[in-house]
């Protein structure tokens, strides 16, 4: 009838909107900086791809690990060096996860920008959304520096799908050690040796990430109960069932918490210092070197079932693993304005 309003087909509108929209992720990975930035961005990429949104990683180098993961979800990756203008199309959303990104670079991007922020160090954040999943993140930190939507705290920790969908096997008790994708301080071997010496009859699973330069040294360790996993297809499958996970105080810590497992956090770098006060797990600070009694501390913790269960329960209550979904919701429900 003339004058009747025609209601749009929501599915067609959404399909058209999705086809016009990409998620561009500018981040970094490598032996020095590690894999943490890429891996947490990959959690966003996974979630975006489940919604049919094209994802393009703009990254400093494309390693085999980056290439394999992108191919697995149908994302693409291009090498981008420096911080010049990004190849943005109308409708795109941009995520920046890099310690090298400046306020001027972020301000110059002609699209809504989401900044994943650990350091809280820029004088201004001219962006649409800020994601800071640190336990200590507070809105007042950004007062006067941004008008962005603030997604702060562990409910926005970016956790990959594998850490939500794992199954716990029926296995003999073991301790796991995972100190990140690169472990530039070379702590994995010394930590594993101390634990093995203190608890020689306990099985030990050690994970070496794809950018770890100490893999040959780890393979040469003569530790009877140790099993080495080099860049396993699923880290969650290796960790599942562990009595305790000795974990670097970065993105891996959030993954262990999301699995509902007990952990001992290792602080090795200054940018992890905040974990010393607010971490849900016990923390050991190794910035001044490896203490001689680390193995004994691990042994005492493993023997305290009540403490392990309490820590695991508390950590999982803080980090439920759904942060990537919440962040992608915010990215694509945003009006498109900065």
(request) Evaluate segment 285-294: report whether one residue or more is modelled with pLDDT under 95, in a strand (DSSP E or B) and buried (at least 16 other Cβ atoms within 10 Å of the Cβ). (result) yes
(request) Among the residues of segment 240-254, count how many are more than 14 Å from residue 283 (Cα to Cα), modelled with pLDDT of 95 or more and touching a helix residue (DSSP H, G or I) at 6+ places or on another chain (Cβ under 7 Å). (result) 1
(request) Only one of these is crowded, with 24+ Cβ neighbours inside 10 Å, more than 18 Å from residue 209 (Cβ to Cβ) and at pLDDT 95 or above: 44, 58. Name it. (result) 44
(message) Would you confirm, using the coordinates I've provided, whether residue 116 is in contact (Cβ under 8 Å) with a residue 40 or more places away in the chain, surrounded by 12 or more Cβ atoms within 10 Å (Cβ to Cβ) and within 17 Å of the chain's Cα centre (by Cα)?
(response) yes
(message) Is it the case, given these coordinates, that residue 301 is outside any loop (DSSP other than H, G, I, E, B), in the same structural domain as residue 179 (by TED's automatic domain parsing), over 14 Å from residue 177 (Cβ atoms) and in contact with a strand residue (DSSP E or B) (Cβ under 9 Å, 6 or more places away or on another chain)?
(response) no
(message) Need a quick list: helices (runs of 4 or more DSSP H) entirely within segment 175-258 having at least 1 residues that are in the same structural domain as residue 119 (by TED's automatic domain parsing).
(response) none
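The values are calculated or read from the model by the stated rules, or taken from the named source; none is laboratory data. As the structure is a computational prediction, the values presented were derived from the model and not from experiment. Positions of Cβ are generated from backbone atoms using ideal geometry, with glycine treated the same way; all protein chains shown enter the neighbour counts.
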